[in-house]
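The values are calculated or read from the model by the stated rules, or taken from the named source; none is laboratory data. Source: prediction; values computed, not measured. For neighbour counting, all protein chains shown are included, and Cβ atoms are generated from backbone atoms with ideal geometry for every residue, glycine included. Only protein heavy atoms, including side chains, enter the accessible area calculation; ligands, DNA and RNA are left aside. Shrake-Rupley method; radii C 1.70, N 1.55, O 1.52, S 1.80 Å.
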Amino acid sequence: MRWRSPDCWSGLALAALGGYIVFAASGWDYLTADGPGPGFFPRWYGVAILVLSLALVVASGRGQVVDWRGSGRALATWAAFAASLALMKALGFVLAFVAFTYFVVAIMYRRRPLLAALTAAALGGAFYLLFPLALGVALP
C-alpha cells in the first residue's frame, strides 16, 4: 500500500463512509411484507462503496495511475445528474430525465445530436408511458 498516494487515502475515506452506511442501514428493516424495506438500498449502496473503495486502495498499492481525463468525464456526468435533479422541480421528472439523457448520449458518448435527441425522447416517452399511464404512479 502506498501511504503517500491520494488514491489510498480517498479509498480509505470512502471505505469508512461505506462502513458507516452499512452500519446505519443495519438498523432499518431490510425486507418488509410489501417488499424491500428502507434498509435495502442503503445497505447495498454501502456495500458497493466498500468494495469499490477497497479496490481503489489495492490499485493505489500496485502503483496504477488514475486516468484523470476519465475522472473529469465522470465528474461532468455527476454534475449533469445533479443539475437534472435541480431542474426536476421546475421541469418535471420526464423533461429533466430527457435533458440528462441527451447530455450523456450527445456529450459523454459523443453521438450525433439527432441520435441523442431521439434516444432521450424515446426514454422519456417510455418513462411516461410506463409510470403515469400504465402503472398510474405520478412522477415528481
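Tabulated results
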| quantity | calculated |
| --- | --- |
| Portion, in percent, of the accessible area of the chain that falls on carbon or sulfur, probe 1.4 Å | 72 percent |
| Principal-axis tilt of helix 6-25 within the chain, Cα atoms, nearest 10 degrees | 60 degrees |
| The chain shape via C-alpha gyration tensor axes, a/c threshold 1.5 | oblate |
| Rounded if a/c under 1.5, otherwise prolate or oblate - the range 71-135, Cα gyration tensor axes | oblate |
| Chain lengthening between residue 109 and residue 30 when straightened (0.36 nm per residue, less Cα-Cα) | 24.8 nm |
| Residue 127 versus residue 95: modelled label distance in nm, points set 7 Å from Cα along the beta carbon direction | 1.3 nm |
| The chain - mean residue ellipticity at 222 nm from DSSP helices (-39,500 (n - 2.57) per run, n ≥ 4, rounded to 500) | -22500 deg cm²/dmol |
| Solvent-accessible heavy-atom area per residue, rounded to whole Å², over the chain at 1.4 Å | 70 Å² |
| Degrees between helix 93-103 axis and first principal axis of the chain (Cα, 0 to 90, nearest 10) | 60 degrees |
| Rounded if a/c under 1.5, otherwise prolate or oblate - the range 2-59, Cα gyration tensor axes | prolate |
